[in-house]
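All remarks here apply to the structure that follows.
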Amino acid sequence: MTTRPSAKAPRMATFGSAIRLWLGMLLIAVIAVLASVLIGGGDSTVAASWQGLVSSMDTPMHSIIWELRLPRSIAAYGVGGLLAMSGCLMQILVRNPLADPYTLGLSGGASVGALGAMLGGLGAVLIAAGAASGALLACLAVFVLGHRDLLSRQRAAQREDSTDLILIGVMLASGFGAIVSMMLVLAPDKNLRGMLFWMMGDLSGAANPLLPVGSLLLGVLCVVPLGRQLNLLGRGEESASALGVRPNVVKSAIFVIASLATAVAVTTAGTVGFVGLVVPHALRRVIGNDQRVLIPACAIGGGIVVVVADTISRIVADPIQLPVGAVMAVIGVPTFMFLLVKRR
Amino acid sequence: MSSVLATEAVSLSVRERMLVRELSMRVEPGQVWCVLGPNGAGKSTLLRALAGLREPDQGRVLLGDRDIRAYRPIELARLRGFLPQSIVDAFSLTVMEAVVAARHPRLPFWAWGDEDLEPAQRALRTFELESLAERDVTTLSGGERQRVNIAALFTQDVDVMLLDEPLSSLDLHHQMKTLHELLHTAAHDGKSVVYTVHDINLAFQHATHAVLLDGSGGALAGFKDEVITSEHLSAAFHHPIHGVTLDGERFFRAGRLNGRSP
């Protein structure tokens with residue numbers, strides 16, 4: 001028996017279906033985190049890891065799980081979620097599907113700050129501080145230079161793209177890239193490895209998992225109420241403002257949220273590429289473009305991707321750890337190509 | 001009536017060029033206004049000023065006896081709707097999503113947005129879009145997209161409807177259909193309508209009032225019979241335009257440049 005899809009209810013993302021999707025993804029997220037905690041390199045078995053996880057006895061396994069793997073896994077989750085959410089927001093902000101969290105030069109600024117701190121031989125906390133201040137300075141520079149794109153109240157009718165903003169970001173990024181290359185050339189050999197790892201994403205130093213996860217939660221809570229306005233903004237600023245959206249306010253808000261999210265991610269794990277570009281895209285192809293559904297889904301899905309990639313990067317060449325960004329790209333590029341070719 | 005849209009000595013200029021000089025007009029409920037004029041004469045600029053999306057260089061725009069700048073954007077969006085000349089979608093979305101999104105100003109801040117689909121479905125039926133409801137807007141033809149955006153404007157359900165070239169890229173049937181719906185909603189629901197258009201005859205048949213811009217500041221506004229005359233048109237468009245009467249109905253035809261016909 002076939003039921004004709006009733007004309008009364010065309011397929012649309014209802015609140016219920018969105019909640020079901022998010023809960024399903026959260027379940028996968030919990031499984032991914034659990035798996036990453038239980039699977040380890042070397043001689044640790046899953047059973048031994050499970051014992052370490054559940055027993056409260058003070059065994060070496062117990063401390064490996066609770067002090068190393070779990071914080072790292074949770075930090076990886078937070079970083080992935082932050083980057084995917086911020087990538088999704090950046091794509092809306094610049095109306096360009098090629099945008100990612102680093103489009104506006106944030107990663108460049110963070111790299112200059114962090115590598116500068118490493119060159120100076122400073123400790124982990126100061127490296128993180130360097131990354132954070134570099135990212136925020138880059139963000140400030142974009143805001144000052146691009147304020148006409150972000151804040152103009154009356155733009156010319158025909159200007160519907162944010163070309164200036166992208167150009168400013170790309171220019172800043174190449175400038176920072178040049179400085180980073182010079183730093184790498186000048187760096188003594190003993191620092192070089194750490195610097196390269198930082199630039200390709202390194203979760204081994206992630207000390208405080210609560211910061212990325214907490215920021216992720218906060219970011220999602222700030223963005224979710226803007227969902228309908230972001231959908232309208234996707235239809236162009238003119239029609240959005242005719243429907244009661246203040247484009248300059250909404251755009252500034254998502255710029256600030258995306259920048260802060262990226263800054264937190266960068267200070268936690270260095271520049272993890274790929275996830276911010278590809279997770280929003282892949283999810284768009286699967287669940288559609290409704291930003292109300294998509295942004296929380298990106299926050300959940302990005303975390304899953306980075307947790308899985310980080311687990312693989314830990315175990316595949318054990319005892320050597322691979323950079324998580326590189327692992328992610330190696331797995332992600334074919335997957336994304338498949339999604340791209342298959343079409344929705 | 002609360003939703004009278006009026007201009008008081010509004011002047012508009014773009015890059016030092018005066019397009020509209022001291023235009024005063026009063027759009028009352030039930031009236032349908034067409035805005036005519038040559039390319040670049042400021043039709044769209046005038047419409048955006050009427051919508052409160054552009055501040056006039058002089059004078060002011062009043063909506064219901066209140067300066068339009070005094071409204072919050074969301075309040076304004078419950079009273080007046082504006083159809084831009086073109087909508088470029090950054091991301092794909094379905095026709096239904098595009099139309100339902102126009103309910104935004106009516107919804108409380110925390111609402112999800114699928115609470116009241118009835119106005120959207122009515123608008124889709126009106127503009128013969130039901131079969132396209134699931135389609136991706138970015139894959140539609142230009143005319144279909146235009147109908148989607150007009151349907152979205154009807155879904156917004158506002159007292160004052162401002163449309164910038166609603167007929168562009170529509171086929172003949174849908175041009176007539178759109179104009180019919182605009183006249184119908186003005187006559188039966190007391191809406192007021194202002195639209196820009198290039199086809200003088202369609203405008204003349206489907207309007208109660210008219211604004212004629214000549215691109216150098218001159219702006220005539222009033223009853224269509226007083227504004228749309230062959231003298232005024234010829235002067236504004238810098239082209240000979242003659243009026244003829246066929247079956248008791250007034251038509252305008254432009255003189256050919258080879259000088260052979262009328």
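Within segment B:167-183, identify whether any single residue is under 27 Å from B:VAL14 (Cα atoms) and either among the charged types (D, E, K, R) or in contact with a strand residue (DSSP E or B) (Cβ under 9 Å, 6 or more places away or on another chain) (or both), and answer yes or no. Reasoning before the result, please.
Here is the first cut: in segment B:167-183, the residues under 27 Å from B:VAL14 (Cα atoms) are B:167-169.
Right, trim to either among the charged types (D, E, K, R) or in contact with a strand residue (DSSP E or B) (Cβ under 9 Å, 6 or more places away or on another chain) (or both) and you get B:167.
Yes, segment B:167-183 has at least one match.
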TODO: With respect to A:ALA141, determine if the residue is more than 17 Å from A:VAL250 (Cβ to Cβ), open to solvent by less than 10 Å² (accessible area, probe 1.4 Å), modelled with pLDDT of 85 or more and in a helix (DSSP H, G or I).
DONE: no
TODO: With a cut-off of at least 1 residues that are closer than 19 Å to A:ASN231 by Cβ and modelled with pLDDT of 85 or more, name the helices (runs of 4 or more DSSP H) lying wholly within segment A:266-344.
DONE: A:275-287, A:291-315
Task: Sole residue being modelled with pLDDT of 80 or more, more than 28 Å from A:GLY214 (Cβ to Cβ) and buried (at least 19 other Cβ atoms within 10 Å of the Cβ), chosen from A:ARG72, A:ARG95 - done: A:ARG95
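Kindly provide the set of residues from segment B:219-233 that are small (Gly, Ala, Ser) and either at pLDDT 95 or above or under 20 Å from the mean Cα position of the chain (by Cα) (or both), ordered by number. Give the derivation first.
Pass one, segment B:219-233, residues small (Gly, Ala, Ser): B:219, B:221-222, B:230.
Answer for segment B:219-233, where residues must be small (Gly, Ala, Ser) and either at pLDDT 95 or above or under 20 Å from the mean Cα position of the chain (by Cα) (or both): B:ALA219, B:ALA221, B:GLY222.
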TODO: Kindly check whether there is at least one residue in segment A:223-233 that is open to solvent by 10 Å² or more (accessible area, probe 1.4 Å) and farther than 26 Å from B:ARG80 by Cα.
DONE: yes
Open item on the list: Looking only at segment A:181-207, how many residues end up being among the aliphatic types (A, V, I, L, M), crowded, with 16+ Cβ neighbours inside 10 Å and in a loop (DSSP other than H, G, I, E, B)?
Closed with: 3
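Can you pull out every residue in segment B:55-93 that is in contact with a Gly (Cβ under 6 Å, 6 or more places away or on another chain) and at the interface with another protein chain (Cβ under 8 Å from one of its Cβ atoms)? Lay out the reasoning, then the answer.
Going through segment B:55-93, the residues in contact with a Gly (Cβ under 6 Å, 6 or more places away or on another chain) turn out to be B:68, B:73-74, B:76-77, B:87-88, B:90-91.
B:PRO73, B:ILE74, B:LEU76, B:ALA77, B:ILE87, B:VAL88, B:ALA90, B:PHE91, listed by residue number.
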- [ ] Output the residue which, of all residues in segment B:101-116 that are more than 7 Å from every other protein chain (Cβ to nearest Cβ) and outside any loop (DSSP other than H, G, I, E, B), is farthest from A:LEU232 (Cα to Cα).
- [x] B:ARG106
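Per-residue answers, yes or no, for (1) touching a Ser or Thr at 6+ places or on another chain (Cβ under 7 Å); (2) in a helix (DSSP H, G or I); (3) open to solvent by 20 Å² or more (accessible area, probe 1.4 Å):
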{"residue": "B:VAL10", "(1), (2), (3)": "no, no, no"}
{"residue": "B:ARG26", "(1), (2), (3)": "no, no, yes"}
{"residue": "B:PRO38", "(1), (2), (3)": "no, no, yes"}
{"residue": "B:LEU47", "(1), (2), (3)": "yes, yes, no"}
{"residue": "B:GLU55", "(1), (2), (3)": "no, no, yes"}
{"residue": "B:VAL61", "(1), (2), (3)": "yes, no, no"}
- [ ] Name every residue in segment B:101-137 that is open to solvent by 10 Å² or more (accessible area, probe 1.4 Å) and under 23 Å from the mean Cα position of the chain (by Cα), in order of residue number.
- [x] B:ALA101, B:ARG103, B:HIS104, B:ARG106, B:PRO119, B:GLN121, B:ARG122, B:ARG125, B:THR126, B:GLU128
Open item on the list: Go through (1) part of a strand (DSSP E or B); (2) more than 18 Å from the chain's Cα centre (by Cα) for B:ALA90 and report which single condition fails.
Closed with: (1)
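Regarding segment A:39-46, can at least one residue be identified that is surrounded by fewer than 20 Cβ atoms within 10 Å (Cβ to Cβ), modelled with pLDDT under 90 and part of a helix (DSSP H, G or I)?
Narrowing segment A:39-46 to residues surrounded by fewer than 20 Cβ atoms within 10 Å (Cβ to Cβ): A:39, A:41-46.
Imposing the further condition that a residue be modelled with pLDDT under 90 reduces the set to A:39, A:41-46.
Retained after the next criterion (residues that are part of a helix (DSSP H, G or I)): A:46.
Looking for residues that are surrounded by fewer than 20 Cβ atoms within 10 Å (Cβ to Cβ), modelled with pLDDT under 90 and part of a helix (DSSP H, G or I), one finds at least one in segment A:39-46, hence yes.
Out of A:ALA317, A:ALA326, which single residue is more than 14 Å from the chain's Cα centre (by Cα), touching a residue at least 12 places away in the same chain (Cβ under 8 Å) and open to solvent by 20 Å² or more (accessible area, probe 1.4 Å)? Reasoning before the result, please.
Working: A:ALA317 fails: touching a residue at least 12 places away in the same chain (Cβ under 8 Å).
From the options A:ALA317, A:ALA326, the qualifying one is A:ALA326.
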Open item on the list: Take residues that are open to solvent by less than 10 Å² (accessible area, probe 1.4 Å) and tell me which of the strands (runs of 3 or more DSSP E) falling wholly in segment B:151-262 contain 1 or more.
Closed with: B:160-163, B:192-196, B:209-213
- [ ] With a cut-off of at least 3 residues that are at the interface with chain B (Cβ under 8 Å from one of its Cβ atoms), name the helices (runs of 4 or more DSSP H) lying wholly within segment A:208-248.
- [x] A:227-233, A:237-242
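The values are calculated or read from the model by the stated rules, or taken from the named source; none is laboratory data. Small disclaimer: the values here were computed from a predicted structure and weren't measured. Virtual Cβ from ideal backbone geometry, glycine too; neighbours counted across all protein chains shown. Accessible surface areas use protein heavy atoms only, side chains included; no ligands, DNA or RNA. Shrake-Rupley method; radii C 1.70, N 1.55, O 1.52, S 1.80 Å.
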